[in-house]
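Read-outs: derived from the displayed coordinates by stated rules, not from any lab. Note that this is a predicted model, so its numbers are computed, not measured.
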Amino acid sequence: MARMNGGDGAGSSESSSSSMDSSNVFGNYPLISALIAFFLAQSFKVLTGWFKDRRLDAKHLIGSGGMPSSHSATVTALAAAVGFQDGFGGSLFATAAIFACVVMYDSSGVRLHAGRQAEVLNQIVYELPAEHPLADTRPLRELLGHTPPQVVAGGVLGFITAGIAYLIKKSIEE
């Protein structure tokens with residue numbers, strides 16, 4: 001509410017020139033921070049995959065799971081950017097922070113365990129005799145969630161991304 005102007009339009013050009021244009025999606029600092037963090041995390045997955053397997057796999061650019069967590073990077077960047085832009089004491093930051101916590105908890109809990117269950121089920125199906133009706137079942141995706149270190153790394157990446165983007169935003173505004 002602090003950003004609203006009076007009905008006479010006074011000061012409206014002042015507020016739009018001192019901050020990025022909120023009517024333009026490209027000026028939406030929290031959104032841009034979150035997207036950059038997502039793309040950085042997905043790109044890092046290609047690099048970590050190369051170090052681990054000694055081969056580049058472009059599937060890491062769109063896949064889930066792996067190091068760092070793009071889920072965590074995205075939601076942490078969003079929450080941090082909202083905090084930097086609108087303050088860490090407001091309800092918008094509280095909403096973004098709780099959203100981030102739920103996403104990170106889910107990615108390291110429910111989704112991680114679902115992936116581990118898929119591993120076990122795939123192994124069971126693999127060991128079935130060829131004549132079994134389920135022997136030709138397509139394997140389940142196993143890489144669904146994240147380990148706690150992957151979640152933490154994603155969160156750190158997201159926070160750093162939002163912080164750097166905030167510094168760039170402030171230098172552009174000055």
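Using θ = phi - 60° in the Karplus curve 6.51 cos²θ - 1.76 cosθ + 1.60, the 3J(HN,Hα) couplings for region 69-82 round to 6, 6, 4, 5, 4, 5, 6, 5, 4, 4, 5, 5, 5, 4 Hz; x is entered for Gly and Pro.
Applying the Karplus relation 6.51 cos²θ - 1.76 cosθ + 1.60 with θ = phi - 60° to region 83-98 yields 3J(HN,Hα) values of x, 5, 7, 10, x, 8, x, x, 6, 5, 5, 4, 4, 5, 5, 5 Hz, where x marks Gly and Pro.
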